[in-house]
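Please read the structure below before turning to the comments.
The values are calculated or read from the model by the stated rules, or taken from the named source; none is laboratory data. This one's a predicted model, so the numbers in the text were calculated from it and none came from an experiment. Here the Cβ positions follow ideal geometry from the backbone for every residue, glycine too, while neighbour counts run over all protein chains shown. Ligands, DNA and RNA are excluded from the accessible area calculation, which covers all protein heavy atoms including side chains. Shrake-Rupley method; radii C 1.70, N 1.55, O 1.52, S 1.80 Å.
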Amino acid sequence: MADKVALVTGATRGIGRAIADQLASEGYVVYYNYRSTIDVVTGDYVKTIKGDIASLEDCSRMIDEIVAAQGKIDVLVNNAGITRDGLLMRMKEEDFDMVINTNLKGVYNMCKAAVKPMMKKRFGKIVNISSVVGITGNAGQCNYAASKAGVIGFSKSLAKEVATRNITVNCVAPGFIQSDMTDELSDEQKQNIMKNIPMQRFGTVEDVAKTVSFLASDNASYITGQVISVDGGMV
Ligand code: NAP
């Protein structure tokens, strides 16, 4: 993979960090995106790049910087995401807007910027991190589930637009993965969730990273517009 260049958004921790580490270990030159601070040792394969995915300007600048330095962008993993949970009755407009602007518009911003250089090279792999709740819905997550369902519709549409240019666009829909995002759940919530996981465990960040690595690889050349759930059989 020595000649392949990847960008992973939200690579400071959790799933994004595991995806970036996995791709770097496979020999991709990986740009670890962060918005405030990141703690990683940079080198030939590990680069860092600052930018807020909710800003189209930042996303365009990041892609321009990578293309200027490497001549191309082969793999884009849209991982960065946030939650602002609450029942609709109590959900503030700003919490709805912030989640949509980050999780869904962020994917638009990054894809909009990356597709042009990918089309030019007639090669690209885009992997968008959705969620099982974008498929099933979840009480208390109208904003988040809408954003993640939106990512699926967006990805399937873009996959059709760019297929002839040898660019694939797929989604990974993680179930419950051990991370800062799920650490916020109470023990009672975790026990209730576990009842619905046939494999009887939360996933690991590596479970997700390896699926992303497959979709980014040549082994997945003829797969596009798909959603792969990594959820221990939940959905
Ligand atoms: P996490 O631990 O909360 O990490 C989220 C990452 O996104 C952080 O690096 C964060 O950066 C970054 N980020 C947030 N907003 C950003 C912005 N505007 N610009 C740039 N970076 C931004 O989350 P996670 O659990 O690893 O989840 C990663 C992805 O998987 C998310 O899209 C999430 O919705 C999805 N997912 C997670 C689970 C799960 O069980 N954990 C399940 C399904 C789907 P900072 O360090 O600056 O905050």
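Could you check, for the range 82-94, whether at least one of its residues is closer than 26 Å to TYR28 by Cα and within 13 Å of the ligand (Cβ to nearest atom)?
no
Suppose we keep only residues that are polar (S, T, N, Q) and within 14 Å of the ligand (Cβ to nearest atom) within the range 199-219. Which one would you say is nearest to the chain's Cα centre (by Cα)?
THR211
Going through the range 1-23 one residue at a time, which ones are away from the ligand (no atom under 12 Å from the Cβ) and either of a type in the set (Val, Ile, Thr) or more than 24 Å from ALA173 (Cβ to Cβ) (or both)?
Answer for the range 1-23, where residues must be away from the ligand (no atom under 12 Å from the Cβ) and either of a type in the set (Val, Ile, Thr) or more than 24 Å from ALA173 (Cβ to Cβ) (or both): MET1, ALA2, ASP3, LYS4, VAL5.
Within the range 38-46, does at least one residue satisfy the condition of being at pLDDT 95 or above, within 16 Å of the ligand (Cβ to nearest atom) and closer than 20 Å to THR204 by Cβ?
yes
Could you identify the single residue in MET110, MET98 that is closer than 19 Å to SER131 by Cα, within 14 Å of the ligand (Cβ to nearest atom) and open to solvent by less than 20 Å² (accessible area, probe 1.4 Å)?
None of the others qualify; the one that does is MET110.
Looking at (1) more than 25 Å from ILE177 (Cβ to Cβ); (2) part of a loop (DSSP other than H, G, I, E, B); (3) among the aliphatic types (A, V, I, L, M), which is the one condition that is false for ILE53?
(1)
Restricting attention to the range 68-81, and to residues there that are closer than 15 Å to VAL208 by Cα and polar (S, T, N, Q), which single residue is nearest to the ligand (Cβ to nearest atom)?
For the range 68-81, the residue satisfying everything is ASN79.
How many of the residues making up the range 202-227 are within 23 Å of ASP21 (Cα to Cα), open to solvent by 60 Å² or more (accessible area, probe 1.4 Å) and part of a loop (DSSP other than H, G, I, E, B)?
Summing the residues that are within 23 Å of ASP21 (Cα to Cα), open to solvent by 60 Å² or more (accessible area, probe 1.4 Å) and part of a loop (DSSP other than H, G, I, E, B) in the range 202-227 gives 1.
Condition first: touching a residue at least 12 places away in the same chain (Cβ under 8 Å) and surrounded by fewer than 18 Cβ atoms within 10 Å (Cβ to Cβ). Now tell me which residues in the range 151-180 satisfy that.
Passing the criteria: LYS156, LYS160, ALA163, ARG165, ASN166, GLN178, ASP180.
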